[in-house]
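Student: Please see the structure below; I have some questions.
The values are calculated or read from the model by the stated rules, or taken from the named source; none is laboratory data. Since this is a predicted model, take the numbers as computed values, not measurements. Note that we place each Cβ from the backbone using ideal geometry, even for glycine, and neighbour counts take in every protein chain shown.
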Amino acid sequence: MRRSSRKCLWTIVPCILISGGLGCVSNSPTPCETDAECDDGKSCTEDSCGVDLFCRNTAIVCPEGQICVPASGVCEDGECAIHEHCDDRVFCNGVESCNFVSRTCGPGPLPCSEDQICDERLRRCRDVECMVNADCDDGVNCTADTCNDFACSNIEMECPSGQFCIELTGACMVSDCATDADCDDGLFCNGLEFCRLLTRSCESTTAVPCSEEGVRCNETLQQCENIRCVTAADCAPGQRCSVSGACVSF
């Protein structure tokens with residue numbers, strides 16, 4: 001075959017001259033000279049070489065209620081001859097199958113388990129965490145619990161500036177604190193302050209540092225130290241100087 005410099009109107013591939021007729025080199029259709037060259041190996045297609053010298057592979061059309069059987073290429077009663085005839089292309093319906101005895105299609109097993117939902121768009125099974133917002137309740141009043149696309153979201157409620165969410169009521173109110181850091185007065189000798197989340201109020205711990213007998217708190221050094229004395233004048237009111245040189249309460 002000799003190649004021509006002409007182009008086909010419907011494609012950019014170069015054209016060839018086949019036995020005096022003009023054709024195009026492409027994957028489909030296929031150039032031909034005889035019907036035998038067009039055999040696609042499928043019994044349920046009619047294969048021929050057209051007058052334009054290109055192959056025609058046309059699916060056999062059977063009468064209503066019949067199907068072409070690939071093994072023989074003959075139309076027989078039934079809706080299927082192979083499993084592919086039953087495929088409805090819907091992922092969430094599962095894989096349909098053909099009963100070769102009755103030549104009828106049957107549904108396949110569903111692809112997802114009972115605790116999953118089938119996503120046809122993504123063609124996959126997804127775990128279901130929730131169906132409604134109530135399924136996402138985390139027991140915390142100060143979170144907004146919502147179900148979006150079968151997944152839970154628990155987002156901390158946002159309050160206006162200067163307000164905090166009160167866990168006891170789940171409402172925003174003017175309050176002292178949101179965290180323990182909001183209550184810290186910076187004084188070592190006062191002990192630790194904390195934020196009571198139920199009421200959003202600052203409270204002090206009952207344990208005050210350096211409360212033992214004969215010990216005092218040094219705020220400058222932020223530590224406890226033993227109290228040494230010579231006379232009662234060296235001690236705080238209500239204390240005396242013991243034989244060991246320590247201030248003790250009466």
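Student: On the given criteria, is Leu168 touching a residue at least 24 places away in the same chain (Cβ under 8 Å), out of contact with any strand residue (DSSP E or B) (no Cβ under 7 Å at 6 or more places or on another chain) and not in a helix (DSSP H, G or I)?
Tutor: Judged against the criteria, Leu168 is a match.
Student: Are any residues in the stretch 69-96 part of a strand (DSSP E or B) and surrounded by fewer than 17 Cβ atoms within 10 Å (Cβ to Cβ), and if so, which ones?
Tutor: Correct list: Val74, Glu76, Asp77.
Student: Still on this structure: Which residues, counting only those in the stretch 136-163, are more than 20 Å from Asp119 (Cβ to Cβ), under 21 Å from the mean Cα position of the chain (by Cα) and of a type in the set (Gly, Ala, Ser)?
Tutor: Ala144
Student: Of the residues that make up the stretch 234-248, is at least one in contact with a helix residue (DSSP H, G or I) (Cβ under 9 Å, 6 or more places away or on another chain), at pLDDT below 85 and among the polar types (S, T, N, Q)?
Tutor: Yes.
Student: Going by what's in this entry, would Ser102 be described as loosely packed, with under 15 Cβ neighbours inside 10 Å and either more than 30 Å from Gln66 (Cβ to Cβ) or of a type in the set (A, V, I, L, M) (or both)?
Tutor: Judged against the criteria, Ser102 is not a match.
Student: Related question: Just to be sure I understand, how many residues within the stretch 142-156 are loosely packed, with under 15 Cβ neighbours inside 10 Å and of a type outside the set (Val, Ile, Thr)?
Tutor: 6
Student: Are any residues in the stretch 223-233 part of a strand (DSSP E or B), polar (S, T, N, Q) and either out of contact with any Gly (no Cβ under 9 Å at 6 or more places or on another chain) or modelled with pLDDT of 80 or more (or both), and if so, which ones?
Tutor: Result: Gln223, single match.
Student: So which residues in the stretch 196-237 are more than 18 Å from Asp185 (Cα to Cα) and surrounded by fewer than 10 Cβ atoms within 10 Å (Cβ to Cβ), if there are any at all?
Tutor: The answer is Glu212, Val230, Thr231, Ala233, Pro237.
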